[in-house]
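A.B. asks: The structure follows.
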Amino acid sequence: MHCASCASLISKKLEKVSGVKYSNVNLMTEKATVEYDENKINQNEIINTIKGLGYRAEVHSPVMPHSVHSHGDHHDDYSDEDYNKMKVDEGLKKQRRLLIISSFFAIPAFILGMLLMWIGIDVPYKDYILFALATPVQFFVGRGIYKSAFASLKNFSSNMDTLIAIGTSAAYFYSVYVVFFGSGGDQYFEAAAILITFVLLGRYLEAVAKGKTSEAIKKLVGLSPKTATVIRNKQEIKIPVDSVIVGDILIVKPGEKIAVDGILVEGNSSVDESMITGESLPVEKNKNDLVYGGTINKHGSFKFKATKVGVNTTLAGIIKLIEDAQGKKAPIQRFADRISAYFVPTVILIAIGTFLIKYFYFSSGLASAIISAVAVLVIACPCALGLATPTAIMVGTGKGAQKGILIKGGDALETAHKLKYIIFDKTGTITKGAPEVTEIKSFSKYSEKEILRIAASIEKSSEHPLAEAIVKKSQDQKIILAKISGFKAIPGHGVTSKISGKTYYLGNAKLMKDYKLNFVNYVSEVSRLESQGKTVMFLAESSKKVLGVIAVADPIKESSPEAVKNLRKLGLQVYMITGDNERTAKAIASQAGIDNIFAEVLPQDKARHVKQLQSKGKVAMVGDGINDSPALAQADIGIAMGSGTDVAMETGNIVLMRNDLLDVPRAIRLSKITMNKIRQNMFWALIYNVVGIPIAAMGLLNPIIAGGAMALSSVSVVTNTLLMKASKI
């Protein structure tokens, strides 16, 4: 494909085929995503439809690390990344070869037809030599352009190659007429040859630059080792990574890359996970900790059990997520698509109009009228327009991935810069998500240790983070827990259970009210604890007596206040949402620098609060990707915290691999930088056409200069995009 019109033509044609529900063709990644009904059409028929338009296609081999397996007889011995790289290299070599051949003929044509003429040197048989130089360029080098143009016309459409084929053919065949059959007027063989050479130069430079925009995926793909050391039949053996199966025990020595995802079963070490999370400091790993394929073992040796292999590893998931993201269109791309759809036919009409007006109205002569029309056709090529958005999205998503910020596509990038409100979940997002018991108060004959024993015995059956804190405290104090029965969890309120036939209640003030348990005498003490941002749980028994309270605090992350400050600088209003009571919520919010809170919100009601804010503007929700899923899905942008968790990967539009809140403003800054770059690119792509077409139509623009400007417009768009790599987020 050479321009946005090519991509648009393929997409439209596919969507007209019976059985195809949806298609999206990405010019930049040269991939089509097609959703189809297998009962009505198959992959071969889809490929043949594309071939019928004059393009080539094959089923995409996913770029996955360490997947050496057969893909048919054409690359049995290559991994997917090797094969895809080979295809790219072959394409570049072919373009380079054509460019060299074209230059071999076009440069002498330029010297003979223009330079020598300008300095007054006349060469015998010049016109015939120029014919001999231009013909191979026109029909051998340019055969791909003709094939593409004819295929488009056959399908009642047009693309960039249509403009090039019409323009250069007009110049070439007019020159043939003048030299062999005419009265010896001016010929334009060198113009036709140089134009085709400029087109090839532009495409070659584009292809080189395209390769640079996809460096993020290439780096990730290159992270995984090709071999792994596994224990089989009590022996250590080296095998290809692709042969590792779930359940294998693998050995990793200092300095080696971890082959697949797994759980550490023996030994300990520190692991460099920067390629997954963007975090530079190594992470300590002990027994039962997770390790990820592609990360680097720094110091100790350890054994781990493989839990995910091949395309199921975290690294493979990230690669797929980035690939999918780069294939998704930003809404602004539709603007370019609409322009491209009408652009080529409009330009052809302008060129015909230019020819007719100059020839009949201004009596400029046939040669002058043809050359003005050719200049219009050439300057107008919409190639840069098709590159404006996808190049920026590729670099933007790649830059984010290198920092541990995974953005799922152009639509997410575009929406993020329009955000007005941002809502943070409290637990695990604003706070560390690892609550600790800070105080135990007895209001009865029970000692603090006994209150902790009863509470921990009950909470042992609960999965709530606050329950974990109480159980952990009892473990630290080596308390032996009691047997319980009749455990019942009341979401948002607390739990009840029986110990030795006596019923106990452990929960918040709502639970006390539910069971008509009197806690009036302890309100001031509870208020004191809650004002410090602590969550207070009452312990009561069936005799309606409150035995005591346990205060649990979840400290805020060190980065929370700075992240909130940075978001305010970006013009966003920040909210916090929590199931905690208002006093506790206010205490935590004030520590983080947040003024707006939604307190005492049940998990199922979080999405409703997001919806309320959406009536005023675009809203982002930041959560851990598990219980916040409905709210993340409801928000215009869901930002999921979570170091590579499957749920986080599935849930958010943006995934922050490092669990660092400072990455929230970074993601929004990246969105703003990318959108600014897309607008700049659109400007550069269109300014050539807006300024160039009228100048060409007036006969003030030589077709060769028009060809150079057209090539320059594409190169300037891609180069401008690559400057993003130096931007700080």
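The values are calculated or read from the model by the stated rules, or taken from the named source; none is laboratory data. The structure presented is a predicted model; accordingly, all values stated were derived computationally and were not measured. Counting neighbours? That spans all protein chains shown, and the Cβs are built from the backbone with ideal geometry, glycine included. SASA here: full protein model, heavy atoms, side chains in, ligands and nucleic acids out. Shrake-Rupley method; radii C 1.70, N 1.55, O 1.52, S 1.80 Å.
A.B. asks: Name every residue in segment 191-237 that is of a type in the set (Gly, Ala, Ser) and modelled with pLDDT under 85, in order of residue number.
C.D. replies: Residues of segment 191-237 of a type in the set (Gly, Ala, Ser): 191-193, 202, 207, 209, 211, 214, 216, 222, 224, 228.
Residues satisfying the conditions are 191, 202, 207, 209, 211, 214, 216, 222, 224.
Condition check ((1) part of a helix (DSSP H, G or I); (2) of a type in the set (Val, Ile, Thr); (3) buried (at least 16 other Cβ atoms within 10 Å of the Cβ)) across all residues:
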{"site": "255", "(1), (2), (3)": "no, no, no"}
{"site": "262", "(1), (2), (3)": "no, no, yes"}
{"site": "287", "(1), (2), (3)": "no, no, no"}
{"site": "294", "(1), (2), (3)": "no, no, yes"}
{"site": "299", "(1), (2), (3)": "no, no, no"}
{"site": "306", "(1), (2), (3)": "no, no, yes"}
{"site": "315", "(1), (2), (3)": "yes, no, yes"}
{"site": "321", "(1), (2), (3)": "yes, no, yes"}
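A.B. asks: Looking at segment 650-658, is at least one residue crowded, with 21+ Cβ neighbours inside 10 Å, of a type outside the set (Asp, Glu) and without any contact (Cβ under 8 Å) to a residue 60 or more places away in the chain?
C.D. replies: yes
A.B. asks: I'd like the full set of residues that are closer than 26 Å to residue 55 by Cβ and in contact with a Pro (Cβ under 9 Å, 6 or more places away or on another chain), limited to segment 172-192.
C.D. replies: If we filter segment 172-192 for residues that are closer than 26 Å to residue 55 by Cβ, which is where we start, we get 172, 192.
192, the sole residue that qualifies.
A.B. asks: Also, I was wondering about something else. How about segment 5-49: which of its residues are of a type outside the set (A, V, I, L, M), assigned to a helix (DSSP H, G or I), closer than 26 Å to residue 347 by Cα and open to solvent by less than 70 Å² (accessible area, probe 1.4 Å)?
C.D. replies: Hits for segment 5-49 are 5, 6, 8, 11.
A.B. asks: Which of the residues spanning segment 141-163 are open to solvent by 90 Å² or more (accessible area, probe 1.4 Å) and among the charged types (D, E, K, R)?
C.D. replies: 143, 147, 154
A.B. asks: Also: For residues that are closer than 16 Å to residue 433 by Cα and of a type in the set (A, V, I, L, M), tally how many sit in segment 565-586. Write out each step before concluding.
C.D. replies: Restricting attention to segment 565-586, the residues satisfying the condition of being closer than 16 Å to residue 433 by Cα are 576-580, 584-585.
Keeping just the survivors that are of a type in the set (A, V, I, L, M) gives 576-577, 585.
Qualifying residue count, segment 565-586: 3.
A.B. asks: Among (1) open to solvent by less than 50 Å² (accessible area, probe 1.4 Å); (2) more than 12 Å from residue 426 (Cα to Cα), where does residue 624 come up short?
C.D. replies: Exception for residue 624: condition (2).
A.B. asks: May I ask you to list the residues in segment 555-578 that are more than 19 Å from residue 631 (Cβ to Cβ) and in a loop (DSSP other than H, G, I, E, B)?
C.D. replies: Matches in segment 555-578: 555, 557, 558, 559, 570, 571.
A.B. asks: Give me the helices (runs of 4 or more DSSP H) completely within segment 637-729, filtered to those with at least 2 residues that are touching a Lys or Arg at 6+ places or on another chain (Cβ under 8 Å), ordered by residue number. Give the steps one after another, and end with the answer.
C.D. replies: Working: elements: 646-651, 663-697, 703-722.
Where helices (runs of 4 or more DSSP H) fall fully within segment 637-729 and carry at least 2 residues being touching a Lys or Arg at 6+ places or on another chain (Cβ under 8 Å), they are 663-697, 703-722.
Yes/no per residue for (1) in contact with a Lys or Arg (Cβ under 6 Å, 6 or more places away or on another chain); (2) among the β-branched types (Val, Ile, Thr); (3) at pLDDT 90 or above:
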site: 66; (1), (2), (3): no, no, no
site: 91; (1), (2), (3): no, no, no
site: 108; (1), (2), (3): no, no, yes
site: 118; (1), (2), (3): no, no, no
site: 132; (1), (2), (3): no, no, yes
site: 135; (1), (2), (3): no, yes, yes
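A.B. asks: Right, next: Within segment 499-510, can one find any residue that is open to solvent by less than 20 Å² (accessible area, probe 1.4 Å), in contact with a Phe, Trp or Tyr (Cβ under 8 Å, 6 or more places away or on another chain) and in a helix (DSSP H, G or I)? Steps first, please.
C.D. replies: Keep residues of segment 499-510 that are open to solvent by less than 20 Å² (accessible area, probe 1.4 Å), which gives 499, 504, 506-507.
Applying the additional criterion that residues be in contact with a Phe, Trp or Tyr (Cβ under 8 Å, 6 or more places away or on another chain) yields 506-507.
From what is left, the residues that are in a helix (DSSP H, G or I) are none.
The answer is no, given that none of the residues of segment 499-510 is open to solvent by less than 20 Å² (accessible area, probe 1.4 Å), in contact with a Phe, Trp or Tyr (Cβ under 8 Å, 6 or more places away or on another chain) and in a helix (DSSP H, G or I).
A.B. asks: Now for a different question. Of 188, 177, which residue is aromatic (Phe, Trp, Tyr) and either under 30 Å from residue 392 (Cβ atoms) or at pLDDT 85 or above (or both)? I'd like the intermediate steps shown before the answer.
C.D. replies: Working: 188 fails: either under 30 Å from residue 392 (Cβ atoms) or at pLDDT 85 or above (or both).
After applying the criteria, what remains is 177.
A.B. asks: I'd like the residue in segment 568-595 that is crowded, with 17+ Cβ neighbours inside 10 Å, under 31 Å from the mean Cα position of the chain (by Cα) and not hydroxyl-bearing (Ser, Thr, Tyr) and, out of all such residues, is farthest from residue 466 (Cα to Cα).
C.D. replies: If we take residues in segment 568-595 being crowded, with 17+ Cβ neighbours inside 10 Å, under 31 Å from the mean Cα position of the chain (by Cα) and not hydroxyl-bearing (Ser, Thr, Tyr), then 572 is farthest from residue 466 (Cα to Cα).
A.B. asks: Let me ask you something else. Given the conditions (1) aliphatic (A, V, I, L, M); (2) surrounded by 15 or more Cβ atoms within 10 Å (Cβ to Cβ); (3) more than 23 Å from residue 434 (Cβ to Cβ); (4) at pLDDT below 90, report the number of the one that residue 547 does not fulfil.
C.D. replies: Of everything listed in (1) aliphatic (A, V, I, L, M); (2) surrounded by 15 or more Cβ atoms within 10 Å (Cβ to Cβ); (3) more than 23 Å from residue 434 (Cβ to Cβ); (4) at pLDDT below 90, residue 547 misses just condition (4).
A.B. asks: Please determine, by comparing only the residues of segment 340-349 that are open to solvent by less than 40 Å² (accessible area, probe 1.4 Å) and at pLDDT 70 or above, which one is nearest to residue 417 (Cα to Cα).
C.D. replies: 343
A.B. asks: Further question: Six or more apart or on different chains, Cβ atoms under 6 Å: show the pairs whose first residue is in segment 117-140 and open to solvent by less than 60 Å² (accessible area, probe 1.4 Å) and whose second is polar (S, T, N, Q) and in a loop (DSSP other than H, G, I, E, B).
C.D. replies: So the pair list comes out as 127/187.
A.B. asks: Hey, among 534, 510, which residue is within 49 Å of the chain's Cα centre (by Cα), in contact (Cβ under 8 Å) with a residue 60 or more places away in the chain and closer than 24 Å to residue 588 by Cα? Even if it seems obvious, please write down each step before you answer.
C.D. replies: Values: 510 fails: in contact (Cβ under 8 Å) with a residue 60 or more places away in the chain.
Matching residue, one of 534, 510: 534.
A.B. asks: If you don't mind, another one. Looking at segment 155-179, which of its residues are more than 18 Å from residue 365 (Cβ to Cβ), in a helix (DSSP H, G or I) and touching a residue at least 40 places away in the same chain (Cβ under 8 Å)?
C.D. replies: 160, 161, 162, 163, 164, 166, 167, 168
A.B. asks: Could you count how many residues in segment 412-456 are over 17 Å from residue 623 (Cα atoms), in a helix (DSSP H, G or I) and touching a residue at least 40 places away in the same chain (Cβ under 8 Å)?
C.D. replies: Residues meeting the conditions: 8.
Per-residue answers, yes or no, for (1) open to solvent by less than 60 Å² (accessible area, probe 1.4 Å); (2) under 23 Å from residue 609 (Cα atoms); (3) not charged (D, E, K, R):
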| site | (1), (2), (3) |
| --- | --- |
| 418 | no, yes, no |
| 429 | yes, yes, yes |
| 438 | no, no, yes |
| 444 | yes, no, yes |
| 457 | yes, no, yes |
| 473 | no, no, no |
| 487 | no, no, yes |
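A.B. asks: If you check residue 388 against the conditions, is it at pLDDT 85 or above and within 18 Å of the chain's Cα centre (by Cα)?
C.D. replies: No.
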